[in-house]
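Worksheet: one structure, shown below.
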Amino acid sequence: MDFDFTQLFLYIPGLVIFLVGGSAIRKDRRMKRLGACTEATVVNCPHVVKKDKQGNEVYNYYNVVVEYPDPRGGSERQTIKAPSEYAVGQQVKLFKDGDKYTLVEDEEQPWFTAWPTALGGALMILLALFQNQGREMLAMTTLTVILVGAGAVLLYRYFGLKNRGLVKIEAEITGVFTRQLSKGTKILRDSKFTYYPIVRYELDGKENIRMCKINDSREKAFPVGDTLTLYYDPKNKRVLEQSAKVSVAIWGGVLLAVGLLAAVSLIAELVVSL
């Protein structure tokens, strides 16, 4: 019997998802190992680019200068190399790992966290294996578990976020950060850009600057002076850019319903076969 190489492609989605989840797990463990963090403020962020004689980039990074309070009541500064730009005045978290300092952005928590993502990827690999082996009952059972699990996780995350009592914060757009994705060529005539709003808001009597993660490909999507709604999570003391989305609950309900219907079908098939 000849081996069908197209069967290998069935493993790719599961492998990718498993690797993404595994990477997130390692990042979570690293953050726990680093322990306590210090709130710091970006005071400068020069762009460093060095090219060789052929015009190829050798270095391309940002020297992020941050300032943070020291135990004696004064302040200290650290310069840290980072791959992305930060807005001057932006509040960041500074972790100390031995003699080195690490900047960590206040990221939005994904709808599928590390462990569910890794587990989902592993189940998708199993699903591909059972499909390739022609074991239809096991493949259907695995797919049912994936659907029910994904739906349950989405609903749990939606209601968990909805019940946190998020407080709306009206932030003023003070600027726009432009990131170039590609340059125009003979084939692609126009250069591609992505625009990120830089906002200013007040929290607990303190002014904060934030370069948001939300973005748009339209240059005038975030007019300076307009307001942008952020959400403060009093439980975790974090500022979020998005609240609980009804669309997430709808998708979670659909996946859960389909998974439960598949489970009923499996049970009925088992009863008939007995």
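The values are calculated or read from the model by the stated rules, or taken from the named source; none is laboratory data. Predicted model only: the values in this text are computed from it and were never measured. Here Cβ is always computed from backbone atoms with ideal geometry, including for glycine, and neighbour counts include all displayed protein chains. We work out accessible area using only protein heavy atoms, side chains counted, and drop any ligands, DNA or RNA first. Shrake-Rupley method; radii C 1.70, N 1.55, O 1.52, S 1.80 Å.
Here the spin labels are modelled as points 7 Å beyond Cα on the Cα-Cβ line, and at S217 and K192 they lie 0.7 nm apart. Where the accessible area of the chain is counted over protein heavy atoms with a 1.4 Å probe, how much of it, in %, is carbon and sulfur? The C+S portion of the solvent-accessible surface of the chain is 58 percent.
What the pair-distance distribution of segment 21-172 shows, using all Cα-Cα distances binned every 10 Å from zero, is 9, 23, 25, 22, 15, 7, 1 percent.
Kirkwood-based Rg over Rh for segment 68-155 (C-alpha set), two decimals?
Values: Rg = 22.4 Å, Rh = 17.4 Å.
Rg/Rh for segment 68-155 comes to 1.29.
The label-point distance for V271 and H47, in a model that sets each label 7 Å from Cα toward Cβ, rounds to 6.6 nm. Max-minus-min Cα coordinates of segment 215-274 on each principal axis give 69, 33, 13 Å, with the largest extent listed first. If you take the alpha carbon atoms of the chain and fit the smallest convex hull around them, that volume is 232 Å³ per residue.
Note on R200/A152: beta-carbon distance plugged into 1/(1 + (r/R0)^6) with R0 of 51 Å gives a FRET efficiency of 0.85.
The alpha-carbon of K245 sits under 28 angstrom from the alpha-carbons of these lysines, leaving out residues fewer than 8 places away in its chain: K27, K93, K162, K168, K213, K220, K235, K237. Note on the chain: with a GNM built from Cα contacts shorter than 10 Å, the maximum mean-square fluctuation among V92, V264, V199 falls on V264. Per residue, the chain exposes 66 Å² of accessible surface when a 1.4 Å probe is rolled over the protein heavy atoms with every protein chain present. Here, P(r) means the percent of Cα pairs in each 10 Å bin from 0 to the largest distance; for segment 170-274 it is 12, 26, 21, 17, 13, 9, 3. Each Lys and Arg adds +1 at its Cβ and each Asp and Glu adds -1 at its Cβ; summed about the Cα centre, segment 120-225 shows a dipole of about 300 debye.
Dividing the summed helix terms, -39500 (n - 2.57) for each DSSP H run of n ≥ 4, by the number of residues in the chain produces a 222 nm estimate of -12500 deg cm²/dmol to the nearest 500. Shown is the FRET efficiency for R179 and C37, computed with R0 = 22 Å from the Cβ-Cβ distance and rounded to the nearest 0.05: 0.25.
Between L10 and D233, what length comes free when the chain is fully extended (0.36 nm per residue of separation minus the Cα-Cα distance, one decimal in nm)?
76.3 nm
Around the amide H of I169, modelled in the peptide plane, lie the amide H atoms of L230, Y231, Y232, all under 5 Å away and 5 or more residues distant in sequence or on another chain. Less than 5 angstrom separates the built amide H of G175 from those of I198, all sequence-distant by 5 or more or on a different chain. Taking 15 Å as the cut-off, the amide N atoms of segment 132-172 that come nearer than this to a point 7 Å along the Cα-to-beta-carbon line of V224 belong to 172.
Full extension of the chain between A263 and I25 gives 82.7 nm of extra length, using 0.36 nm per residue less the Cα-Cα distance. In the context of the full protein assembly, T41 retains an accessible surface of approximately 50 Å², using a probe radius of 1.4 Å and ignoring ligands and nucleic acids.
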